[in-house]
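Colleague: I'd like to ask some things about the structure below.
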Amino acid sequence: MEIHRFGPDELDGAMAFFGRIPDGDLTFIKEDVHNREVVSAWTRDERSRRYLALDDQGTVVGYVAIIPGLGWSSHVGELRLVIDPEQRRQGIGRSLARRALAEAIDLGLGKIVVEVVAEQAAPIAMFQGLGFHGEALLTDHVRDRGGNLRDLVVLAHAVADNEAVMSASGITEALA
């Protein structure tokens, strides 16, 4: 697997990737990933950092973004992560999340948040293993495609508090 910055050359691969992702998994991307112009604009966005994971054949199998907040939340970044359902539980999500944390340091962000549906135990455990902690539980906050209400968990990572740990464990150097 190779992880690199999402640029214009990967647009077709990214569109094919998003086309393979079930609608329910795209809930937290927030933009319309089926709109080529929207996804193309990401390649020109200089505020955010977006990365793709590619398998040995060059197929996009994962996506991560760190999107800095604005105004009074400019020190906070939102992490968005999606992995191809056929490629999950292989460490791709963890690798992309680690890359995102390193980018948060580079962007000077003090805090990263990620939103996860409460029933998604595996992603919650993965983020907790990377130093995220539960910050909020929003009851009935998400309506799924079937019209069912779901609880939303907001996990947070204090970048400044964990930067030394990341550096000592080799995360920042491995991603440089």
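Read the figures in this text as sums done on the coordinates, not as results from a lab. Because the structure is predicted, anything quoted here is derived from the model rather than measured. Note that each Cβ is placed from the backbone with ideal geometry, even for glycine, and that neighbours are counted across all protein chains shown.
Colleague: In units of 2.2 N^0.38 Å, what is the alpha-carbon radius of gyration of the chain?
Modeller: 0.99
Colleague: Rounded to the nearest 5, what % of the DSSP beta bridges within the chain are antiparallel ones?
Modeller: If I count the DSSP bridges inside the chain, around 90 percent turn out antiparallel.
Colleague: Can you give me the distance in nm between label points at residue 57 and residue 119, each placed 7 Å from the Cα along the Cα-to-Cβ direction?
Modeller: About 3.1 nm separates the two model spin labels.
Colleague: Dipole of the chain, Cα-centred, from +1 at each Lys and Arg C-beta and -1 at each Asp and Glu C-beta, to the nearest 20 debye?
Modeller: That gives a dipole near 160 debye.
Colleague: Based on Cβ point charges of +1 for Lys and Arg and -1 for Asp and Glu, what charge dipole magnitude is obtained for the stretch 4-108 about its Cα centre, in debye rounded to the nearest 20?
Modeller: Working: 14 positive and 17 negative charges, 78 e Å.
My answer is approximately 380 debye.
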